[in-house]
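Each remark here refers to the structure printed beneath this line.
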Amino acid sequence: MVRRIVIVGGGSAGWLTAGLIAADHQGSSLHITLIESPDIAPIGVGEGTWPSMRDTLRRIGVSESDFFRECDASFKQGSRFNRWVTGADNDYYFHPFVLPQGYDEVNLPEQWLAQHPDIPFADLVSYQPHLCVNGRAPKQVVTPEFSSVANYGYHLDAGKFGVFLRKHCLEKLGVHYVPDNVAGVASHDNGDIAALHTQAHGALEGDLFIDCTGMQSLLLGKHYQVPFLSQKHVLYNDTALAVQVPYPDDNYPIASQTSSTAQSAGWIWDIGLPTRRGVGHVYSSAHIGGEQAEAELRRYISDTGGPQDIPPPRKLSFNPGYRERFWHRNCVAIGLSAGFIEPLEASALALAEMSAAMVSDELPATRAAMDIVAARFNEAFTYRWERVIDFLKLHYVLSQRRDSDYWRDNTASVPERLGDLLTLWRHRAPSRNDFNRIEEVFPWASYQYVLYGMGFRSEFTNPQPRQAALADGYFREAAELTHKMLGGLPDNRTLINHIKRHGLQKI
Ligand SMILES: Cc1cc2nc3c(=O)[nH]c(=O)nc-3n(C[C@H](O)[C@H](O)[C@H](O)COP(=O)(O)OP(=O)(O)OC[C@H]3O[C@@H](n4cnc5c(N)ncnc54)[C@H](O)[C@@H]3O)c2cc1C
């Protein structure tokens with residue numbers, strides 16, 4: 001029987017996994033232990049989430065108001081991509097979280113090109129880019145915890161998030177905490193892990209071991225030697241420089257979206273928290289050196305209202321890729337130990353949430369059932385990692401920028417499946433037929449936002465003019481909702497200040 005779960009790692013992935021499994025199985029005989037090294041700090045970046053995090057936090061049982069207060073959190077309503085298409089100052093588009101109005105009923109891209117080709121696609125079909133441009137919050141003070149008026153995820157302080165989850169897991173969910181270093185693995189004859197040797201707490205036995213040890217992938221990578229599939233030939237970014245940037249004053253507006261501004265050999269993320277911005281340059285070290293990358297980061301910060309004299313940025317290196325399989329014998333990897341590509345579109349925490357949820361939902365009752373669950377898990381997540389790569393690469397291959405080797409090289413390496421899709425999309429829009437799994441990582445509407453945001457134009461060879469009136473109705477609906485929401489939604493800082501003082505109503 002599977003009764004004892006041992007999680008190694010106390011970063012966001014470890015605590016999210018512990019929280020989800022413990023909350024879902026409260027009252028059962030499951031015993032959950034989390035071992036965290038007191039010597040190795042969590043990575044401390046990873047500040048943008050998807051709307052899925054709302055479900056995850058609700059499921060774990062935390063209060064959203066406490067989360068805002070303790071994690072320096074703000075609202076994220078999508079991403080804004082600056083200078084990705086041509087590199088010009090006025091070049092930008094949105095990938096909002098809200099799906100286009102009527103996207104399931106009408107071929108919006110065709111009618112967009114027929115009726116309003118001069119308006120950016122996302123601005124025509126969704127109210128959310130307008131909320132972002134105007135810095136509006138996605139809900140009102142009376143909207144209960146985790147509910148929304150406009151779909152949203154979060155920006156958060158990664159360090160504070162881990163502490164917040166740990167407190168909840170220990171105080172409310174009965175997770176057993178062992179602050180110690182794992183120094184060795186004891187195996188059963190069949191190769192399963194029997195116990196982990198810790199420096200101060202001896203051997204900790206378990207039935208299922210969850211590797212959340214970050215990039216070192218202690219159990220799946222180092223112990224089991226499951227091969228790592230590097231994706232550097234497709235997505236070149238392998239280094240990041242991260243800094244925290246103060247606001248000029250306490251009332252400075254908090255952005256409603258993650259901004260991603262393309263550079264000569266990478267891009268800069270800009271995430272607005274209530275007390276500071278988190279800014280970082282992620283780039284390809286094969287295309288530029290650290291000094292130039294830092295100079296571009298400093299220039300960006302001073303151009304966007306930050307101080308000239310920021311402290312030296314923190315440098316993080318990573319090899320983009322993922323493991324050949326994620327669940328091997330009685331060990332499953334979640335978080336950076338399973339893989340990491342790059343932070344564009346912030347898919348890492350979302351994959352960790354999906355992985356933890358699947359482990360919890362499918363928790364095998366016995367060792368005999370575990371191999372079946374593991375095979376399904378591996379199939380599901382291999383598919384998901386491949387889709388993440390396709391979707392991220394979509395942002396690069398469509399760029400018209402040719403101002404550096406980085407941008408020129410990026411159009412020369414297109415994954416086969418993405419190449420096939422681009423061939424199809426020359427004459428039709430991305431549709432549900434392209435992405436038909438129940439839990440796709442990115443819905444086909446996201447592909448439409450990025451494809452058309454990046455300047456791609458499908459030539460519809462079988463036009464459906466009868467849809468014109470229906471589409472016009474949805475375009476008007478998006479415009480009316482924009483007007484209504486701009487009139488009724490507070491700005492981000494006003495709502496966040498309210499939450500900090502009074503909290504949100506519980507559901
Ligand atoms: C530059 C950058 C930007 C990112 N931005 C985003 C973003 O915007 N959105 C997003 O979703 N994700 C982002 N990510 C990814 C995100 O940071 C991670 O997915 C997330 O923080 C989870 O990390 P983790 O818990 O897997 O690993 P870590 O935070 O590295 O935690 C590893 C844990 O393992 C423990 N450990 C290691 N070895 C041992 C041992 N021997 N014994 C005991 N314990 C051990 C450590 O103590 C630590 O607690 C970003 C990543 C990078 C590199």
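The values are calculated or read from the model by the stated rules, or taken from the named source; none is laboratory data. Being a predicted model, the structure only gives us computed values, none of them experimental. Note that we place each Cβ from the backbone using ideal geometry, even for glycine, and neighbour counts take in every protein chain shown. Note: areas computed on protein heavy atoms with side chains; ligands, DNA, RNA excluded. Shrake-Rupley method; radii C 1.70, N 1.55, O 1.52, S 1.80 Å.
Go through Ile5, Ile43 for me and flag whichever is among the β-branched types (Val, Ile, Thr) and under 18 Å from Ile60 (Cβ atoms).
Details: Ile43 fails: under 18 Å from Ile60 (Cβ atoms).
Answer to the selection: Ile5.
Select from region 321-340 the residues that are part of a strand (DSSP E or B) and over 29 Å from Ala262 (Cβ atoms) and list them in ascending order.
Arg323, Trp327, His328, Cys331, Val332, Ala333
Starting from residues that are assigned to a loop (DSSP other than H, G, I, E, B) and without any contact (Cβ under 8 Å) to a residue 40 or more places away in the chain, keep the ones in region 396-421 and report whichever is surrounded by the fewest Cβ atoms within 10 Å (Cβ to Cβ).
First pass over region 396-421, keeping only residues assigned to a loop (DSSP other than H, G, I, E, B): 398-404, 411-415.
Filter once more, keeping what is without any contact (Cβ under 8 Å) to a residue 40 or more places away in the chain: 402, 411-412, 414.
Numbers: Arg402: 11, Thr411: 14, Ala412: 7, Val414: 18.
Looking at the filtered set, the residue picked out is Ala412.
Looking at region 329-348 only, could you name the residues that are more than 10 Å from the ligand (Cβ to nearest atom) and open to solvent by less than 40 Å² (accessible area, probe 1.4 Å)?
Asn330, Cys331, Val332
Among the residues of region 6-20, count how many are of a type in the set (Val, Ile, Thr), more than 6 Å from the ligand (Cβ to nearest atom) and closer than 16 Å to Gly162 by Cα.
Counting residues in region 6-20 that are of a type in the set (Val, Ile, Thr), more than 6 Å from the ligand (Cβ to nearest atom) and closer than 16 Å to Gly162 by Cα gives 2.
Taking the options Leu351, Leu316, name whichever one is touching a Ser or Thr at 6+ places or on another chain (Cβ under 9 Å), under 30 Å from Ser264 (Cα atoms), within 11 Å of the ligand (Cβ to nearest atom) and not polar (S, T, N, Q).
Only one candidate passes the filter, namely Leu316.
Could you list, in sequence order, the residues of region 359-374 that are away from the ligand (no atom under 16 Å from the Cβ) and in a helix (DSSP H, G or I)?
Ser360, Asp361, Arg367, Ala368, Ala369, Met370, Asp371, Ile372, Val373, Ala374 - these are the residues of region 359-374 that are away from the ligand (no atom under 16 Å from the Cβ) and in a helix (DSSP H, G or I).
Here is a yes/no grid of residues against (1) of a type in the set (Val, Ile, Thr); (2) away from the ligand (no atom under 11 Å from the Cβ):
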site: Thr239; (1), (2): yes, no
site: Val243; (1), (2): yes, yes
site: Ser256; (1), (2): no, yes
site: Ala265; (1), (2): no, yes
site: Ile268; (1), (2): yes, yes
site: Arg276; (1), (2): no, yes
site: His281; (1), (2): no, no
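Within region 422-456, track down each residue that is closer than 23 Å to Thr382 by Cα and open to solvent by 80 Å² or more (accessible area, probe 1.4 Å).
Arg432, Asn433, Asn436, Arg437, Ile438, Glu439
Which residue out of Leu173, Leu165 is open to solvent by less than 50 Å² (accessible area, probe 1.4 Å), part of a loop (DSSP other than H, G, I, E, B), in contact (Cβ under 8 Å) with a residue 12 or more places away in the chain and in contact with a helix residue (DSSP H, G or I) (Cβ under 6 Å, 6 or more places away or on another chain)?
Of the residues listed, the single one that is open to solvent by less than 50 Å² (accessible area, probe 1.4 Å), part of a loop (DSSP other than H, G, I, E, B), in contact (Cβ under 8 Å) with a residue 12 or more places away in the chain and in contact with a helix residue (DSSP H, G or I) (Cβ under 6 Å, 6 or more places away or on another chain) is Leu173.
Please go through region 282-320 and pick out each residue that is part of a strand (DSSP E or B) and open to solvent by 40 Å² or more (accessible area, probe 1.4 Å).
Matches in region 282-320: Arg314, Lys315, Ser317.
Take Ser259 and decide whether it is in contact (Cβ under 8 Å) with a residue 12 or more places away in the chain, in contact with an Asp or Glu (Cβ under 7 Å, 6 or more places away or on another chain) and part of a loop (DSSP other than H, G, I, E, B).
no
Within region 248-270, work out how many residues are open to solvent by less than 10 Å² (accessible area, probe 1.4 Å) and either of a type in the set (A, V, I, L, M, F, W, C) or touching a His at 6+ places or on another chain (Cβ under 9 Å) (or both).
7
Could you grab me the full set of residues in region 25-72 that are within 16 Å of the ligand (Cβ to nearest atom), more than 28 Å from Leu204 (Cα to Cα) and acidic (Asp, Glu)?
Glu47, Asp55, Asp72
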